[in-house]
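The values are calculated or read from the model by the stated rules, or taken from the named source; none is laboratory data. What you are looking at is a predicted structure, and each value in this text was computed from that prediction instead of being measured. Cβ atoms come from the backbone with ideal geometry, glycine included; neighbour counts cover every protein chain shown. These accessible areas exclude ligands, DNA and RNA; they are computed on the full protein's heavy atoms, side chains included. Shrake-Rupley method; radii C 1.70, N 1.55, O 1.52, S 1.80 Å.
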Amino acid sequence: MPNPSKEFLEFEGLKKIFKVFNQLKKEKVINGYGVVGAIGAMFYTQSFQTNDADIFILMTGTNYAPVFHRLESLGYDTTIKGTHLMMEGVLVDIFAPSDPLSQEALKSVQTFNFGARTEVCVVRPEYLIAMAYDIGRHKDLARAEMIISQTDIDRKLLNDILRRHKVKRP
């Protein structure tokens with residue numbers, strides 16, 4: 001498995017964001033989180049350009065108000081810009097998984113060290129691939145292929161996920 005690039009691991013904005021989500025989890029504002037999308041993929045591949053960070057959150061119920069209230073108390077502007085918040089100069093899309101595949105993916109997180117002394121919860125690569133196939137956009141499919149070609153994935157697990165969630169390979 002490739003190691004994330006030094007530049008990626010030293011990106012202070014992401015480091016601060018991950019610290020905030022760890023704090024929200026510790027304070028029980030959320031029950032857990034998992035980084036997905038391009039940022040999630042970069043824990044398994046070489047770094048590449050992306051516009052945002054996608055983060056699944058596990059919370060009790062569907063009310064985001066406690067999350068946004070706590071972010072505001074930490075000094076963040078929780079005004080939505082499109083579908084994102086701006087945190088530390090990074091567009092962040094925070095959402096609770098709404099379909100069975102995403103819900104299961106959030107339960108599969110692995111913990112990585114992000115630079116010195118910052119842990120981050122990232123969804124397993126097999127789920128990132130399955131979600132990319134399910135979404136089906138060109139950029140998502142390309143990211144799935146990067147993960148497959150650069151990571152030692154559990155192919156049996158991937159096939160099981162695809163079968164159970166009725167996701168077709170492209």
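Would you please name the residue that is farthest from the chain's Cα centre (by Cα), looking only at residues in region 46-88 that are β-branched (Val, Ile, Thr) and more than 20 Å from residue 121 (Cα to Cα)? Explain how you work it out, then say what you get.
We begin by selecting, within region 46-88, every residue β-branched (Val, Ile, Thr); these are 50, 55, 57, 60, 62, 67, 78-80, 83.
Now drop any that are not more than 20 Å from residue 121 (Cα to Cα), which leaves 62, 78-80, 83.
Numbers: 62: 19, 78: 19, 79: 21, 80: 19, 83: 15 Å.
Result: 79.
Can you report the number of residues in region 96-111 which are surrounded by 16 or more Cβ atoms within 10 Å (Cβ to Cβ) and assigned to a helix (DSSP H, G or I)?
Here is the first cut: in region 96-111, the residues surrounded by 16 or more Cβ atoms within 10 Å (Cβ to Cβ) are 96-97, 101-102, 104-106, 108-109.
Next, from what is left, pick out any that are assigned to a helix (DSSP H, G or I): 101-102, 104-106.
The total comes to 5.
Table: residues versus (1) at pLDDT 95 or above; (2) within 30 Å of residue 70 (Cβ to Cβ); (3) out of contact with any strand residue (DSSP E or B) (no Cβ under 9 Å at 6 or more places or on another chain).
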| position | (1), (2), (3) |
| --- | --- |
| 94 | no, yes, no |
| 104 | yes, yes, yes |
| 119 | no, yes, no |
| 123 | yes, yes, no |
| 126 | yes, no, yes |
| 130 | yes, no, yes |
| 162 | yes, no, yes |
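Every residue in region 112-125 that is open to solvent by 20 Å² or more (accessible area, probe 1.4 Å) and under 16 Å from residue 54 (Cα atoms), please. I'd like the intermediate steps shown before the answer.
From region 112-125, those open to solvent by 20 Å² or more (accessible area, probe 1.4 Å) are 112-113, 115-117, 119, 124; that's our starting set.
Once the filter is applied, which keeps residues that are open to solvent by 20 Å² or more (accessible area, probe 1.4 Å) and under 16 Å from residue 54 (Cα atoms), region 112-125 yields only 124.
Select from region 126-153 the residues that are in a loop (DSSP other than H, G, I, E, B) and open to solvent by 70 Å² or more (accessible area, probe 1.4 Å) and write down the one among them that is nearest to residue 43 (Cα to Cα). Break it down into steps so the answer makes sense when it comes.
Narrowing region 126-153 to residues in a loop (DSSP other than H, G, I, E, B): 136-137, 151-153.
Still in the list and also open to solvent by 70 Å² or more (accessible area, probe 1.4 Å): 137, 152.
Details: 137: 21, 152: 12 Å.
Out of the qualifying residues, it is 152.
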